[in-house]
Structure formats: structure tokens, C-alpha cells
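Visitor: Got a structure for you, questions after.
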Amino acid sequence: MPEDRYSQFRDAHTDRSSAEQVPDTPQTRAPAYRLAFADPDFMLRDELRPVRLQLELLKPEMILNERSIESTVVLFGGARIPEPSKRDTAHTETLAELSRFYDEAREFARLVTMKSMASYGREYVVATGGGPGVMEAGNRGADDAGGASIGLNIVLPHEQAPNEYVTPGLCFNFHYFGIRKMHFLMRAKAICVFPGGFGTLDEMFEALTLIQTDRMNKVPFLLFGEEFWRRIINWEALADAGTISADDLNLFRFVETAQDAMTVIDDWYADED
């Protein structure tokens with residue numbers, strides 16, 4: 001860890017330790033006496049929401065900087081997409097058909113990670129939502145290649161643990177959806193969207209909106225599975241209605257396989273290599 005430029009001052013770790021050793025009195029037991037930064041009840045007050053937002057932005061950013069991670073390839077996709085070998089009668093016919101995208105996501109992440117390792121893991125690092133389904137496939141593909149990958153998990157009403165393939169030191173947990181989505185896009189060198197549900201659609205349309213409005217640089221924006229995406233979204237109808245421009249249809253493109261996606265990304269950044 002770099003030397004603290006304020007090292008001439010007593011550090012917070014030392015004071016927290018000292019505060020735990022004070023005599024037990026009515027005064028020291030009172031919540032008001034707790035150090036503010038070491039007081040969970042205080043930190044969780046509604047008035048501290050701006051501080052929590054900043055902390056949730058800072059923590060992953062600092063850790064990714066310490067790991068020298070400069071760019072990512074983001075995989076969005078459904079948590080319910082099963083691994084093909086684990087399909088069962090509980091899955092709908094459509095989900096069973098979509099299970100092939102588990103394998104495509106896994107292979108795509110493996111290829112991306114091989115590219116990342118050529119930059120010593122600084123560029124093209126796979127980033128997923130850290131959960132099951134397509135997210136698991138992405139982290140698993142990175143693990144297949146022997147590289148690291150990022151998981152941006154979030155606390156949900158039902159229990160959700162990170163999938164076992166996320167690199168432990170790059171596995172983050174979020175309270176705020178908005179801050180989590182910022183971290184998906186802050187370093188994104190490509191955005192790859194696999195079939196999914198509300199969460200996937202939310203992530204996809206927010207990213208497209210940021211690019212459409214020039215709030216984010218254009219990057220390869222790849223939708224895996226043209227049949228699926230054309231069935232659930234009538235893209236041309238939006239353009240025909242004038243609610244988006246015809247040029248907005250060029251912000252993304254459809255791909256079917258991992259190799260298709262790698263070709264698009266390699267061509268996009270050919271001048272940088």
C-alpha cells in the first residue's frame with residue numbers, strides 16, 4: 001500500500017483500536033461516544049445516504065485501481081439461463097433453447113481473458129453481475145483461461161451469493177443499483193448483452209441511452225441472439241415512430257457466437273493493437 005501522505009497524523013485504525021480499550025462507563029457505552037466512522041448505526045441513518053453513495057462508488061474504484069485494471073468487457077445476461085447439462089423439466093422450452101448462450105458466454109469470456117492476459121490483466125477484464133446463469137458463465141470462462149474476472153453483486157430480498165468463479169479479491173457487493181451500473185460502464189471497452197429479463201433490459205437500455213446521448217463513448221455493443229432480441233423488442237418500430245432516430249439502430253449489432261463477438265471487438269480496436 002502506498003505511504004499515506006498524512007502519516008504524521010494518528011491514523012484511524014489506531015484510534016478505533018484505542019477507543020475499544022476505554023474504561024466501561026455510562027458515558028463510553030452511550031452511542032454518542034462512538035467514533036462516527038466506526039458506528040454502524042450512525043452510518044446507516046437516512047441522513048448519511050450521500051456518504052454511503054460515495055463509499056460505494058469509492059471502494060470498488062480504489063480496489064480496481066490498486067489492481068491496475070484499466071478496462072473491462074461487460075457481460076449482461078439472465079440469471080435464469082441454465083447450463084446446458086443442467087436443463088430440466090422445470091425450465092420452459094424457451095429457457096432450454098437459450099441455454100446454448102451459457103456456453104457462448106463461457107467461451108466468449110475465455111477468449112476475452114486470453115486477450116486480457118496479454119496485457120498482464122490490465123485490459124479487457126471480464127466483468128459480470130457476479131450471480132448465476134450468464135453471469136456465472138462469464139466468470140467461469142475467465143477462470144477456464146486462468147485469468148481474473150470481476151463480479152458486481154447486489155443485495156436482493158432473496159438470498160444470493162456470488163458464483164464460485166468470480167475472483168475473490170474482485171468480488172463486490174452493492175446496495176445501490178445506480179452505483180453498481182456506474183461501475184459496469186466506467187471502464188467498459190465493450191458491452192455484450194445475452195438474453196435475460198428485467199435486470200438485463202434495464203442494464204442494456206441505460207447503457208444504450210448513455211451512448212445515444214453522448215454521455216458515454218461509443219464502444220462495441222453486442223446483442224447475442226438476434227432471434228431473441230428481435231422477438232421481444234421491435235427496434236424498427238421505434239425508429240419508424242420517430243421515438244429514436246434511424247441512426248440509433250447502428251449503436252448496436254447482433255452476434256451469435258463468441259468468435260463473432262471477438263471479431264467485432266478486434267476490428268473495432270485494430271488501430272490500438
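The values are calculated or read from the model by the stated rules, or taken from the named source; none is laboratory data. On a predicted model such as this, the values are computed, not experimentally measured, just so you know. When we count neighbours, we look across all protein chains shown, and the Cβ atoms used for this are built from the backbone with ideal geometry, even at glycine.
Visitor: Does the range 41-55 contain at least one residue that is part of a helix (DSSP H, G or I) and in contact (Cβ under 8 Å) with a residue 60 or more places away in the chain? Even if it seems obvious, please write down each step before you answer.
Guide: Of the range 41-55, the ones part of a helix (DSSP H, G or I) are 41-43, 46-55.
Subsequent filtering for residues that are in contact (Cβ under 8 Å) with a residue 60 or more places away in the chain retains 52-53.
Yes - at least one qualifying residue is present in the range 41-55.
Visitor: Which pairs turn up if I take residues in the range 197-211 that are more than 15 Å from His183 (Cα to Cα) and outside the structural domain of Ser245 (by TED's automatic domain parsing) and look for partners that are surrounded by 17 or more Cβ atoms within 10 Å (Cβ to Cβ) and modelled with pLDDT of 95 or more with beta carbon separation below 7 Å, at least 6 apart in sequence or on another chain?
Guide: Listed pairs, sorted by first residue: none to list.
Visitor: In addition: Sort out which residues of the range 21-40 are among the aliphatic types (A, V, I, L, M), loosely packed, with under 13 Cβ neighbours inside 10 Å and in a helix (DSSP H, G or I), and write them in order of number. Quick ask: steps written out before the conclusion?
Guide: Just the residues of the range 21-40 that are among the aliphatic types (A, V, I, L, M), to begin with: 22, 30, 32, 35-36, 38.
Filter once more, keeping what is loosely packed, with under 13 Cβ neighbours inside 10 Å: 22, 30, 32, 36.
Residues satisfying the conditions are Ala32, Ala36.
Visitor: For the range 186-215, name all the residues that are assigned to a helix (DSSP H, G or I) and buried (at least 20 other Cβ atoms within 10 Å of the Cβ).
Guide: Let us first name the residues in the range 186-215 that are assigned to a helix (DSSP H, G or I), namely 186, 198-212.
Residues satisfying the conditions are Thr200, Glu203, Met204, Ala207.
Visitor: Here is a check on your reading of the model: is Ile69 of a type in the set (A, V, I, L, M), at pLDDT 95 or above, surrounded by fewer than 18 Cβ atoms within 10 Å (Cβ to Cβ) and under 18 Å from the mean Cα position of the chain (by Cα)?
Guide: In short, no.
Visitor: State whether the residues of the range 130-144 include one that is within 20 Å of Arg80 (Cβ to Cβ) and surrounded by fewer than 16 Cβ atoms within 10 Å (Cβ to Cβ). Can you show your working first?
Guide: Taking the range 130-144 and keeping what is within 20 Å of Arg80 (Cβ to Cβ), we get 130-141.
Next cut, surrounded by fewer than 16 Cβ atoms within 10 Å (Cβ to Cβ) only: none.
No, because not a single residue in the range 130-144 is within 20 Å of Arg80 (Cβ to Cβ) and surrounded by fewer than 16 Cβ atoms within 10 Å (Cβ to Cβ).
Visitor: Something else now. Could you check how many residues of the range 216-273 are in a helix (DSSP H, G or I) and surrounded by 14 or more Cβ atoms within 10 Å (Cβ to Cβ)? Give the steps one after another, and end with the answer.
Guide: Step one: list which residues in the range 216-273 are in a helix (DSSP H, G or I), which gives 226-232, 235-241, 246-250, 258-268, 270-272.
Add one more test, that the residue is surrounded by 14 or more Cβ atoms within 10 Å (Cβ to Cβ), and what stays is 228-229, 235, 238-239, 248, 258, 260-262, 264-265, 268.
Qualifying residue count for the region: 13.
Visitor: Next up: Out of the range 80-102, which residues are at pLDDT below 95 and either among the aliphatic types (A, V, I, L, M) or in contact with a strand residue (DSSP E or B) (Cβ under 7 Å, 6 or more places away or on another chain) (or both)?
Guide: Those that are at pLDDT below 95 and either among the aliphatic types (A, V, I, L, M) or in contact with a strand residue (DSSP E or B) (Cβ under 7 Å, 6 or more places away or on another chain) (or both): Ile81, Ala90, Leu95, Ala96, Leu98.
Visitor: For the range 71-155, please list each of the helices (runs of 4 or more DSSP H) lying entirely inside it that holds at least 1 residues being in contact with a Lys or Arg (Cβ under 8 Å, 6 or more places away or on another chain) and among the acidic types (Asp, Glu).
Guide: Fully inside the range 71-155 and qualifying: 134-144.
Visitor: More than 20 Å from Ala258 (Cβ to Cβ) and either not polar (S, T, N, Q) or not assigned by TED's automatic domain parsing to the domain that holds Phe198 (or both): which single residue out of Glu107, Glu47 fits that description?
Guide: Glu47
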